[in-house]
Amino acid sequence: MDTYRPQHLKSALQLLKAGKGRYLMIAGGTNMIPDLRAKAIRPKAFIDISRFKNLSYIKEEKKEIRIGALTTISKLADSNTIQLFALPLSQAAQQLGNPLVRNRATIGGNLADASPAADTAPPLLALEARVVMMREGAKERSVAIDQFFLGPNQTRLRRDEMIKEIIFSKVSPHAKTAYFKLGLRNSMAISIISIALLLEMEGTFCKKARIGLGAVAPFPMRAYRTEEMLTEEEVTERLLEACGQTVREEIDPISDIRASKEYRTEMVSVLLKRLIRQIAFQQPV
Amino acid sequence: MKKDQTYWVKIHINGEWKRAEVFPEETLLHVLREKLGHTEVKEGCGKGDCGACAVLLNGEPVNACLTLALQADQQKVVTVRGLGTPDRPHPLQESFVKRGAIQCGFCSAGMIVSAKGLLDKNPKPSREEIKRAISGNLCRCTGYQKIIEAIEEAAYKLRTDPKP
């Protein structure tokens, strides 16, 4: 195979288009290199975009946060801005992979690879982020993150398109968040399930709920029906039981080497309830 | 048969520039070990799951097996060998030896590199911070206790004795 090391973004996009799907972009390479070794991918060439500094940024604007696609997971994990305005994303970034991987892996890569267990996805779903994509010869377009994933390792990205940035509104001061990643180890673990929760509360009354779930469906998902159940409701044990039941029905997990679908189903229910209790009643998880 | 394309890279390793001819898909680990004589960088799993191959790339600990050699072109790499010599060891190397943090030694190079990365950013790490910093390095022999103690001791030495 061959490689291209374009100096400019425009050249990178032209190469991507010319490659007709046979040239693959590589940034951190933390998924691509193992895939290459396992012969899961066989590109004709790499387009190395790892050095494009202008796509690595965390920008705080008046109402929004914008994150460049090439921002490393380490930078996200260390960012005060992300901790302040997108805490679940900070927590997920701190638990993704391990420190060595986090120094190379990028948020764009995590989303474009689109593992059903992608760790940055559930927080971005709860934050209702938008993914901005670009390609040669066309205007940028954006898609809501809950429309971005189509299946395991499948996204809305055209084969000549790359992610430019991720945008979301800063979390309101009234909103409370929670995040939990369940794995077989404390580090270097692929999620068995992960949950990101955002609730706007008035005391124990829930005004708005957003639930992002990972590793329990062919792609990272929102639990819309469970969110609906929580909206404009007083949080009680009875409501929690109902939510715990509804979320089981919304997900579509599989059994794999890490866990059975029964275990995943049980744990989503248990952990979602615990996280809601943590937010509503300050009960430790 | 068409010959695979190769490229020349120039990498700054432990203080000196070195050149190698590499394939596009060749990893930094492979080039360091097979072409540049840096066999102190170990291959444990080759896929980013063990940390044995950790090196500092522009000061940051990374898995050399997950970095393409081409991505290290013109960049600065430091391996465990670059931290000190048997005559003038780095406090980390000294503490690892003295504290029993080395049994088979296979994880040690990568472990010390991760520790160096930590101490460069955080000269007074807590135990929790040390554990987090080495959470990408597996050790099958020691149970990590001595490794953590060695890093604590080295951090102390570096803070109190500016010599190295």
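Quick notes on this one:
- Selection count, segment A:31-60, where residues are touching a strand residue (DSSP E or B) at 6+ places or on another chain (Cβ under 8 Å) and at the interface with another protein chain (Cβ under 8 Å from one of its Cβ atoms): 5
- Of the residues A:L199, A:L184, the single one that is among the hydrophobic types (A, V, I, L, M, F, W, C) and either closer than 24 Å to A:L100 by Cβ or within 14 Å of chain B (Cβ to nearest Cβ) (or both) is A:L184.
- Residue in segment B:50-77 that is surrounded by the most Cβ atoms within 10 Å (Cβ to Cβ), counting only those that are without any contact (Cβ under 8 Å) to a residue 40 or more places away in the chain and not β-branched (V, I, T): B:A64
- Just one of the listed residues (A:K208, A:K139) is touching a strand residue (DSSP E or B) at 6+ places or on another chain (Cβ under 8 Å) and either in a strand (DSSP E or B) or surrounded by fewer than 22 Cβ atoms within 10 Å (Cβ to Cβ) (or both), and it is A:K208.
- Of all the residues in segment B:21-47, those that are touching a residue at least 12 places away in the same chain (Cβ under 8 Å) and within 20 Å of the chain's Cα centre (by Cα) number 18.
- The lone exception for A:E249 - which of (1) surrounded by 21 or more Cβ atoms within 10 Å (Cβ to Cβ); (2) under 24 Å from A:N153 (Cα atoms) it fails: (1)
- Only listed residue being touching a Lys or Arg at 6+ places or on another chain (Cβ under 7 Å), modelled with pLDDT of 95 or more and among the charged types (D, E, K, R), chosen from A:K10, A:K63: A:K63
Here is a yes/no grid of residues against (1) assigned to a helix (DSSP H, G or I); (2) closer than 25 Å to A:D48 by Cα; (3) in contact with a Cys (Cβ under 9 Å, 6 or more places away or on another chain); (4) of a type in the set (A, V, I, L, M, F, W, C):
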| residue | (1), (2), (3), (4) |
| --- | --- |
| B:L56 | no, yes, no, yes |
| B:Q93 | yes, no, no, no |
| B:F106 | no, no, yes, yes |
| B:I112 | yes, no, no, yes |
| B:K116 | yes, no, no, no |
| B:P123 | no, no, no, no |
| B:C141 | no, no, yes, yes |
| B:E153 | yes, no, no, no |
| B:R159 | yes, no, no, no |
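The values are calculated or read from the model by the stated rules, or taken from the named source; none is laboratory data. Note that the structure is a prediction, hence the values are computed from the model and not measured. Reconstructed Cβ throughout: ideal geometry from the backbone, glycine too, with neighbour counts over all protein chains shown.
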